[in-house]
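The values are calculated or read from the model by the stated rules, or taken from the named source; none is laboratory data. Because the structure is a prediction, the values reported are computed rather than measured. Don't worry about glycine lacking a Cβ; one is built from the backbone with ideal geometry, like all the others, and counts go over all protein chains shown. Keep in mind that these areas ignore ligands, DNA and RNA; they rest on the heavy atoms of the full protein, side chains included. Shrake-Rupley method; radii C 1.70, N 1.55, O 1.52, S 1.80 Å.
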Amino acid sequence: MTKNKIILTGDRPTGRLHIGHFVGSLRRRVQLQNEGDYDKMFVFIADAQALTDNVDNPEKVRQNVIEVALDYLSVGLDPEKCTIFIQSQIPELCELSFYFMNMVTVSRLQRNPTVKTEIAMRGFDSSIPVGFFTYPVSQTADIAAFKATTVPVGEDQRPMLEQATEIVRRFNFIYGDTLVEPNILLPDNAACLRLPGTDGKAKMSKSLGNCIYLSDTAAELKKKVKSMFTDPLHLRVEDPGHLEGNTVFTYLDAFCEPHHFAEFWPEYESLDALKEHYTRGGLGDGKVKQFLLNILESTLAPIRERRKEFEKDIPAVYEMLRRGTEEARAVAAQTLDEVRRAMKINYFDDEALIAEQAKRFAQ
Ligand code: ATP
Ligand code: MG
C-alpha cells in the first residue's frame with residue numbers, strides 16, 4: 001500500500017485573511033484540493049492558538065472565526081473535498097500537546113527564530129505567556145493528531161515544522177512507531193515565501209496592520225496599492241529605479257502571469273521587459289502601480305463576489321464548521337487511542353495488564 005498523503009494547514013482567527021496568506025498557503029491548498037491527489041485534507045481555524053497572544057481579547061478571536069471561514073470558502077476551499085474545523089473544539093489536541101511538552105526543552109523552544117521575532121513584535125520580551133512560548137508544541141499536536149504528511153505553509157512556519165518533526169521522531173523513538181513525520185510544502189515562487197506588507201517593512205501580518213485583505217473592497221484595494229512603498233531613490237520618472245526591496249515589484253513577482261500583459265499592458269511582453277525599463281529609468285511608479293492594481297483587482301474580484309454569496313447564509317457556514325469539526329475529532333480521537341496505547345496509559349482497555357497485575361498480587 002502506498003503511504004497516505006494527508007494535507008493539513010491552519011490559520012489564526014486574528015483577522016480576515018490577506019494576500020500573504022493567499023500566495024503563501026491558500027492558493028496552494030486550493031490547487032492541491034482540486035488536483036485530488038491526497039487521501040484527506042484538513043484545514044483548521046486555530047482559535048486556541050490565537051488566544052495564546054490574545055488572552056484578554058476573546059471577542060476578537062470569536063468574531064474572526066467566521067471571517068476566516070468565509071475567506072476559506074471564497075477562495076474556493078470546498079467542504080465536500082476538505083474537512084474544515086475549529087481547533088478548540090477538539091480536546092484531544094490539548095491532551096496530545098500535554099504529552100509532547102515532555103519531549104522538548106525550554107532552550108530548544110527559545111531558539112525558535114519565528115517565536116523570537118513574534119515575541120519582540122508583540123512586546124512580550126519581559127513577560128511571555130507560557131502558552132504563547134509553547135505554541136510550537138501545540139502546533140505539533142495539531143499536525144500529529146491528523147498524521148499529516150504534507151503541510152503547505154509560508155516560510156515563517158519552517159522552524160515550526162522542524163520542531164514538529166523532532167518531536168514526532170522522539171515520540172516514535174521512545175514509544176514505537178505511532179506518529180508520522182510531516183513535510184513542509186513551501187511556495188515555489190520566492191516572492192511568496194514571506195510576502196512583505198504594503199509598508200515594505202515586515203511580513204504582511206494581520207497583527208501589524210500592513211495588509212491587503214482578500215475581502216477589501218475595490219476602493220480599499222486601490223487606496224492601498226496607490227500608497228504602497230516603492231523605491232525611495234526613484235524621485236523623478238527619468239531616474240533609474242531599483243527592484244530590491246521594492247514592494248510593488250515583489251507583489252508583481254507573486255501575482256503577475258504572462259496573460260496579464262496582453263490584458264492590461266500590451267506595451268510590454270514580460271515582467272523582465274518591464275523590470276528592465278524601470279531599472280533603466282523613464283518609467284514612473286504610478287504606471288507600475290496601476291498595472292499591479294489591475295492584476296490584483298482581477299484576482300480578488302471573483303473572491304470578493306463569492307464571499308458575498310456565502311455571507312447570505314451564515315448559519316450554513318457554522319453548520320459546515322460543526323460537521324467538519326465532528327469529522328476531524330473522530331480522526332484525532334483515533335490517533336489519541338494509539339498514542340495512549342503506545343505510552344502505556346490505556347489502563348482500562350488493557351485486559352492483559354489487569355490480568356497480569358491480578359496474577360502478581362495473587363502470589
Ligand atoms: P498573525 O499576525 O496573527 O500571526 P498572520 O498574518 O501571520 O497572523 P497566520 O494565521 O499566523 O497569519 O498564518 C497562516 C498561514 O499563512 C501560515 O501558513 C503562514 O506561513 C502564512 N502566511 C502568513 N503571512 C504570510 C506572508 N506574509 N507571506 C506568506 N505566507 C504567509
Ligand atoms: Mg502568524
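Could you grab me the full set of residues in segment 287-300 that are open to solvent by 30 Å² or more (accessible area, probe 1.4 Å) and in contact (Cβ under 8 Å) with a residue 40 or more places away in the chain? Full working, then the answer.
Taking segment 287-300 as the starting set, the residues that turn out to be open to solvent by 30 Å² or more (accessible area, probe 1.4 Å) are 287, 290, 294, 297-299.
Residues satisfying the conditions are GLU297, THR299.
Quick check: anything in segment 311-322 of a type in the set (Phe, Trp, Tyr), more than 30 Å from GLN87 (Cβ to Cβ) and in contact with a helix residue (DSSP H, G or I) (Cβ under 9 Å, 6 or more places away or on another chain)?
Looking for residues that are of a type in the set (Phe, Trp, Tyr), more than 30 Å from GLN87 (Cβ to Cβ) and in contact with a helix residue (DSSP H, G or I) (Cβ under 9 Å, 6 or more places away or on another chain), one finds none in segment 311-322, hence no.
Looking for whichever is among the small types (Gly, Ala, Ser), open to solvent by less than 60 Å² (accessible area, probe 1.4 Å) and more than 16 Å from ligand 1 (Cβ to nearest atom) here; the options are GLY176, GLY131, GLY123. Which one fits? Give the steps one after another, and end with the answer.
Values: GLY131 fails: more than 16 Å from ligand 1 (Cβ to nearest atom); GLY123 fails: more than 16 Å from ligand 1 (Cβ to nearest atom).
Residue meeting the stated conditions: GLY176.
Residue selection: LEU283 fails the criterion of being surrounded by 15 or more Cβ atoms within 10 Å (Cβ to Cβ) and in a helix (DSSP H, G or I).
Which residues, counting only those in segment 288-305, are over 27 Å from VAL68 (Cβ atoms) and either among the hydrophobic types (A, V, I, L, M, F, W, C) or modelled with pLDDT under 95 (or both)? Let's see the steps before the verdict.
Narrowing segment 288-305 to residues over 27 Å from VAL68 (Cβ atoms): 288-291, 294.
Result: VAL288, PHE291.
Per the conditions (1) out of contact with any Ser or Thr (no Cβ under 7 Å at 6 or more places or on another chain); (2) in a loop (DSSP other than H, G, I, E, B); (3) modelled with pLDDT of 95 or more, the sole criterion not satisfied by GLU162 is (2).
Look at (1) open to solvent by 70 Å² or more (accessible area, probe 1.4 Å); (2) more than 30 Å from PHE146 (Cα to Cα) and you find that TYR318 fails only one, number (2). Any idea how many residues of segment 321-355 are over 23 Å from LEU93 (Cα atoms) and exposed (fewer than 11 other Cβ atoms within 10 Å of the Cβ)? Qualifying residue count for the region: 3.
Filtering segment 188-206 to residues that are open to solvent by 20 Å² or more (accessible area, probe 1.4 Å), of a type outside the set (Gly, Ala, Ser) and within 12 Å of ligand 2 (Cβ to nearest atom) leaves ARG194, LYS203, LYS206. Working only within segment 219-270, note down all residues that are open to solvent by less than 30 Å² (accessible area, probe 1.4 Å), assigned to a helix (DSSP H, G or I) and among the hydrophobic types (A, V, I, L, M, F, W, C). If the condition is that a residue be open to solvent by less than 30 Å² (accessible area, probe 1.4 Å), assigned to a helix (DSSP H, G or I) and among the hydrophobic types (A, V, I, L, M, F, W, C), then LEU221, VAL225, VAL248, PHE249, LEU252, ALA254, PHE255, PHE261 are the ones that fit. Applying a threshold of 7 Å to beta carbon distances and a minimum spacing of six or more residues, or different chains, the list of pairs starting in segment 8-36 at a residue that is within 6 Å of ligand 1 (Cβ to nearest atom) and ending at one that is among the acidic types (Asp, Glu) reads HIS21/ASP11.
One line per residue, one yes/no per condition, for (1) more than 16 Å from ligand 2 (Cβ to nearest atom); (2) at pLDDT 95 or above; (3) of a type in the set (A, V, I, L, M, F, W, C); (4) under 13 Å from the mean Cα position of the chain (by Cα):
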residue: LYS3; (1), (2), (3), (4): yes, no, no, no
residue: GLY10; (1), (2), (3), (4): no, yes, no, yes
residue: LEU17; (1), (2), (3), (4): no, yes, yes, yes
residue: ILE45; (1), (2), (3), (4): no, yes, yes, yes
residue: ASP71; (1), (2), (3), (4): no, yes, no, yes
residue: SER74; (1), (2), (3), (4): yes, yes, no, no
residue: ILE86; (1), (2), (3), (4): yes, yes, yes, no
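Can you say whether VAL137 is assigned to a helix (DSSP H, G or I) and touching a Pro at 6+ places or on another chain (Cβ under 7 Å), as far as the supplied structure shows? So that I can check it myself, show each step before the final result.
Numbers: assigned to a helix (DSSP H, G or I): yes; touching a Pro at 6+ places or on another chain (Cβ under 7 Å): no.
Judged against the criteria, VAL137 is not a match.
Each row is one residue, and each column tells you yes or no for (1) under 18 Å from LEU93 (Cβ atoms); (2) loosely packed, with under 15 Cβ neighbours inside 10 Å.
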{"residue": "ALA145", "(1), (2)": "yes, no"}
{"residue": "VAL151", "(1), (2)": "yes, no"}
{"residue": "ASP156", "(1), (2)": "no, no"}
{"residue": "ARG169", "(1), (2)": "no, yes"}
{"residue": "LEU186", "(1), (2)": "no, no"}
